[in-house]
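A quick write-up on the structure given underneath.
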Amino acid sequence: MKKLFLMPLMLLATFMISAACSEENPIQDGQEQTTPGENDGEEGNEEGGDEEGGNVEGGNSRYLVLYCSRSGNTEQMAQTIQSTLDCDMMEVVPETPYENNYNDMLDRAQAELDAIGQGNYPVITTSVESFDDYDIVFVGYPIWYSHMATPMQTFLHNHADLLAGKRIALFASSGSSGISTSEQDAASLVPEATFEESLLLTSSSLGSMETRIPQWLESLGASRETGHGENVAVSLGINIIVGDQTVTATLEDNGAAHDFLSRLPLEVTLEDYNNGAEKIFYPDPELSLDDTPRGCAPQAGDITIYEPWGNVAIFCRDWSESSSLIKIGHINGDGIGLLQGTENINVRFERQ
Ligand SMILES: Cc1cc2nc3c(=O)[nH]c(=O)nc-3n(C[C@H](O)[C@H](O)[C@H](O)COP(=O)(O)O)c2cc1C
């Protein structure tokens, strides 16, 4: 798995905070909700089903499924997403194994959540080098005291910069609690990411996983396509909205265009450049140019990147060829008319 690697960390977690009971303990009877036939709740997490633990390299490298799971419910959700999309999957593993005893696990989780509140994150042994190639990163975890389980909080904390600008889709399992508190955890851990609609399965809905997950993936526009060449008409169409007017554009099937797509929705001010010739803005971070052919003779409506400056330039009129220009899309029909003139314009880019 080229993009993913495990990084053993040498530090020991030192959380000696007293494990006082939370004001909310929805699991006081010590019963864990597991899917019938799965772990019985008294066992610690056994690693995922394959010989690489919970890690899988799929044929479709546009999606990554990250998950942590103590008793197997979230892992099952992760495996269903992975097999539906045939994508990469990686387990986020705490350096100190989950407690076998359920009540000990409750105490530990409470202590780790308290520690995170003080800025001290429990150590994990999992690290990802780059998310550049992924359109969507799926992030799965159990709900612990209404919050995101601590190993995943550490992972997001450690990777916040790399995840800036990425599309993240959260999924979680719980006994009965909702997902909204953990969504707030995620938003504060990775404030620069774009969060898609989340999926929560509770103990009463885990059984419908096989239908709920494909429906959810479809609503996100995630499919099993193996390359950039399939479903192009659907996946590469975008809307460009100015005030109450919308024009459409079709992106190219190259790496930079897919990176742009992964950042939508995006609101920017397009600045006039060269007296009405172009409208430009500077993506932050710059768009990845992997798998992207260089050189373009821009026509009115072309959406390009000017490589030396890293800005996106939308051409309002035809221009001369340059090897430094990279085409990532084209505004359909005569839609470029909406952007013509010498004013700066506030726009919103959205997926269709
Ligand atoms: C430490 C701990 C805290 C939990 N807190 C909650 C909670 O606040 N609300 C809830 O509905 N379920 C709670 N649960 C139950 C788990 O969220 C649920 O069993 C989940 O499906 C476990 O996922 P896993 O099998 O992937 O570990 C908790 C479980 C543990 C171990």
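Only one of these conditions is not met by GLN118: (1) under 17 Å from ALA169 (Cβ atoms); (2) of a type outside the set (Phe, Trp, Tyr); (3) away from the ligand (no atom under 14 Å from the Cβ). Which number is it?
Checking GLN118 against (1) under 17 Å from ALA169 (Cβ atoms); (2) of a type outside the set (Phe, Trp, Tyr); (3) away from the ligand (no atom under 14 Å from the Cβ), the one that fails is (1).
Sort out which residues of segment 77-101 are within 12 Å of the ligand (Cβ to nearest atom) and surrounded by 19 or more Cβ atoms within 10 Å (Cβ to Cβ), and write them in order of number. Walk me through it before giving the result.
Keep residues of segment 77-101 that are within 12 Å of the ligand (Cβ to nearest atom), which gives 77-79, 91-92, 94, 98-101.
Selection gives MET77, ALA78, GLN79, GLU91, VAL92, PRO94, TYR98.
Evaluate the following for GLU38: is it modelled with pLDDT of 95 or more, within 11 Å of the ligand (Cβ to nearest atom) and surrounded by fewer than 20 Cβ atoms within 10 Å (Cβ to Cβ)?
So GLU38 does not fit the description; no.
In segment 138-155, what residues are crowded, with 24+ Cβ neighbours inside 10 Å and aliphatic (A, V, I, L, M)?
VAL139, MET148, ALA149, MET152
List the residue pairs whose Cβ atoms are under 8 Å apart, where the first residue sits in segment 208-231 and is closer than 14 Å to ILE81 by Cα, the second is at pLDDT 90 or above and part of a loop (DSSP other than H, G, I, E, B), and the two are 6 or more positions apart or on different chains.
These pairs meet every condition: ARG212/SER205; TRP216/GLU197; SER219/GLU197; LEU220/GLU196; LEU220/GLU197; ALA222/ASP135; ARG224/ASP86.
When segment 99-124 is examined, which residues are found to be over 30 Å from SER61 (Cα atoms) and in contact with a helix residue (DSSP H, G or I) (Cβ under 7 Å, 6 or more places away or on another chain)? Give the steps one after another, and end with the answer.
Applying the first criterion (over 30 Å from SER61 (Cα atoms)) to segment 99-124 yields 99-120.
Answer for segment 99-124, where residues must be over 30 Å from SER61 (Cα atoms) and in contact with a helix residue (DSSP H, G or I) (Cβ under 7 Å, 6 or more places away or on another chain): GLU99, ALA109, GLU112, LEU113, ILE116.
Of these, GLY341, GLY329, which one is within 14 Å of ALA277 (Cα to Cα), touching a residue at least 40 places away in the same chain (Cβ under 8 Å) and small (Gly, Ala, Ser)?
When all the criteria are applied, what remains is GLY341.
Name the one entry in SER130, SER61 that is closer than 26 Å to LEU217 by Cβ, surrounded by fewer than 17 Cβ atoms within 10 Å (Cβ to Cβ) and away from the ligand (no atom under 16 Å from the Cβ). Break it down into steps so the answer makes sense when it comes.
Details: SER61 fails: surrounded by fewer than 17 Cβ atoms within 10 Å (Cβ to Cβ).
After applying the criteria, what remains is SER130.
Can we say ALA277 is crowded, with 22+ Cβ neighbours inside 10 Å and either touching a residue at least 24 places away in the same chain (Cβ under 8 Å) or out of contact with any strand residue (DSSP E or B) (no Cβ under 7 Å at 6 or more places or on another chain) (or both)?
Numbers: crowded, with 22+ Cβ neighbours inside 10 Å: no; either touching a residue at least 24 places away in the same chain (Cβ under 8 Å) or out of contact with any strand residue (DSSP E or B) (no Cβ under 7 Å at 6 or more places or on another chain) (or both): yes.
No: the conditions fail for ALA277.
Do we have ALA187 as outside the structural domain of PRO285 (by TED's automatic domain parsing) and buried (at least 23 other Cβ atoms within 10 Å of the Cβ) here?
For ALA187, the condition - outside the structural domain of PRO285 (by TED's automatic domain parsing) and buried (at least 23 other Cβ atoms within 10 Å of the Cβ) - is not met.
Looking at segment 243-264, which of its residues are surrounded by fewer than 20 Cβ atoms within 10 Å (Cβ to Cβ), closer than 18 Å to ALA300 by Cα and touching a helix residue (DSSP H, G or I) at 6+ places or on another chain (Cβ under 7 Å)?
Hit for segment 243-264 is THR248, nothing else.
Considering (1) surrounded by fewer than 20 Cβ atoms within 10 Å (Cβ to Cβ); (2) more than 11 Å from the ligand (Cβ to nearest atom), say which one LYS166 fails and leave the rest.
Unmet condition: (1).
Looking at (1) in contact with a Phe, Trp or Tyr (Cβ under 7 Å, 6 or more places away or on another chain); (2) among the hydrophobic types (A, V, I, L, M, F, W, C); (3) surrounded by fewer than 19 Cβ atoms within 10 Å (Cβ to Cβ), find the lone condition where LEU270 falls short.
Every condition holds for LEU270 apart from (3).
How about segment 107-127: which of its residues are acidic (Asp, Glu) and surrounded by fewer than 23 Cβ atoms within 10 Å (Cβ to Cβ)? If you could, list the steps in order and put the result at the bottom.
Narrowing segment 107-127 to residues acidic (Asp, Glu): 107, 112, 114.
If the condition is that a residue be acidic (Asp, Glu) and surrounded by fewer than 23 Cβ atoms within 10 Å (Cβ to Cβ), then ASP107, ASP114 are the ones that fit.
The values are calculated or read from the model by the stated rules, or taken from the named source; none is laboratory data. Bear in mind the structure is a predicted one, so any value in this text is a computation, not a measurement. Virtual Cβ from ideal backbone geometry, glycine too; neighbours counted across all protein chains shown.
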